[in-house]
Amino acid sequence: MIKALIFDLDGVIVDTAHYHFVAWQRLARELGIDFTEKDNERLKGVSRMRSLEIILEIGNRQMSESEKERLATRKNAWFVEYIQNVKPDEIFPGVKEMIQTCKAAGFRVALASSSKNARTVLRNLKVEDLFEGFVDGNMITHSKPNPEIFLKAAAQLGVEPQHCVVFEDAEAGVEAALAAGMKCVGVGSPENVGKANQIVKNTADFKLADLAGW
Ligand code: B16
Ligand code: MG
């Protein structure tokens, strides 16, 4: 029986992936690395440092830890600049209403994002109060696909993992949810979220009736 819903942020609530992409591409260009939108799929859900390492792998480049820290900080400064302009109407259509409906039906709701900037995004979308539980990249030691982030969110809500369902758009996130012993609704295409228990094209397409029998 499902008692709690845990939402990823980027790709599930809002398209911050676009801002990440523009910032990473700006850095990749400076480094002379060709980084495409298709490559960007691999960065979804994984940490900032892992994202940089994937870009360096694509460019077949090696760097010292201190240089990688410098570059990741540089990218983040651009990303932070871009998300200052995130407006409430950038939330995916129907998502706020869908979450409100679930809460009214008695489900507990948390947000679990790998991003260290998740608080800023929620604040700019004006949906901070929507979530009873909140875990971001500052609060975890291991990034998705490690289940830590979702286990922490469930613990905050006081709900056992087997009673939780996670909404995820990234392969690493689906793997993390399943590794946590939770159910997973994949948002997007089977190519990215094929391992999820159910797939919806958009987050708001999910209906509470879909949980019957889980
Ligand atoms: P930051 P999510 C993730 O957010 C993004 O999907 C991923 O592309 C990004 O690298 C990660 O946050 C870290 O973000 O650099 O802001 O700490 O999908 O877990 O909400
Ligand atoms: Mg995501």
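Could you say which residue among K103, K126 is more than 12 Å from ligand 1 (Cβ to nearest atom), open to solvent by 20 Å² or more (accessible area, probe 1.4 Å), under 24 Å from D205 (Cα atoms) and touching a Pro at 6+ places or on another chain (Cβ under 7 Å)? Let's see the steps before the verdict.
Numbers: K103 fails: touching a Pro at 6+ places or on another chain (Cβ under 7 Å).
Only one candidate qualifies: K126.
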The condition from (1) at pLDDT 95 or above; (2) open to solvent by less than 60 Å² (accessible area, probe 1.4 Å) that V46 misses is numbered (1)
Subset of region 107-123, residues touching an Asp or Glu at 6+ places or on another chain (Cβ under 9 Å), open to solvent by 30 Å² or more (accessible area, probe 1.4 Å) and within 18 Å of V95 (Cα to Cα), comes to R108, R119
One residue is enough: does region 60-71 have a residue meeting the conditions within 22 Å of N192 (Cα to Cα) and either open to solvent by 80 Å² or more (accessible area, probe 1.4 Å) or outside the structural domain of A177 (by TED's automatic domain parsing) (or both)?
no
With criteria (1) closer than 11 Å to I6 by Cα; (2) of a type in the set (D, E, K, R); (3) open to solvent by less than 10 Å² (accessible area, probe 1.4 Å), K144 comes up short on (1)
So, first residue more than 24 Å from E168 (Cβ to Cβ) and touching a residue at least 40 places away in the same chain (Cβ under 8 Å) in region 11-36, second residue within 11 Å of ligand 1 (Cβ to nearest atom) and not β-branched (V, I, T), Cβ within less than 7 Å, six or more apart or across chains; the pairs are R26/W78; L27/K75
Flagged in region 116-140 as in contact with a strand residue (DSSP E or B) (Cβ under 6 Å, 6 or more places away or on another chain) and among the β-branched types (V, I, T), in numbering order, are V135
Of S113, S143, S189, the only residue that is in contact with a strand residue (DSSP E or B) (Cβ under 7 Å, 6 or more places away or on another chain) and of a type in the set (S, T, N, Q) is S113
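Just checking, does region 156-169 include any residue being open to solvent by 50 Å² or more (accessible area, probe 1.4 Å), at pLDDT 95 or above and at positive phi?
Looking for residues that are open to solvent by 50 Å² or more (accessible area, probe 1.4 Å), at pLDDT 95 or above and at positive phi, one finds at least one in region 156-169, hence yes.
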| message | One residue is enough: does region 174-181 have a residue meeting the conditions of a type in the set (D, E, K, R), open to solvent by 30 Å² or more (accessible area, probe 1.4 Å) and within 16 Å of ligand 1 (Cβ to nearest atom)? | response | yes
Original post:
Within region 74-92, is there a residue that is part of a loop (DSSP other than H, G, I, E, B), modelled with pLDDT under 95 and either small (G, A, S) or within 16 Å of ligand 2 (Cβ to nearest atom) (or both)?
Top reply: no
Note on region 49-59: residues open to solvent by less than 30 Å² (accessible area, probe 1.4 Å) and within 16 Å of ligand 1 (Cβ to nearest atom) are S51, L52, I54, I55, L56
When every residue in region 1-38 that is surrounded by fewer than 18 Cβ atoms within 10 Å (Cβ to Cβ) and within 16 Å of ligand 2 (Cβ to nearest atom) is compared, the one nearest to the chain's Cα centre (by Cα) is D15
V174 meets each of (1) within 15 Å of ligand 2 (Cβ to nearest atom); (2) among the hydrophobic types (A, V, I, L, M, F, W, C); (3) out of contact with any Gly (no Cβ under 6 Å at 6 or more places or on another chain); (4) free of Cβ contacts under 8 Å to residues at least 60 places away in the same chain with one exception, condition (3)
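The values are calculated or read from the model by the stated rules, or taken from the named source; none is laboratory data. The model shown is predicted, which means the values in this text are computed figures rather than measured ones. Neighbour counts run over all protein chains shown; Cβ positions are idealised from the backbone, glycine included. Note: accessible area is taken over every heavy atom of the protein model, side chains too, but ligands, DNA and RNA are not part of it. Shrake-Rupley method; radii C 1.70, N 1.55, O 1.52, S 1.80 Å.
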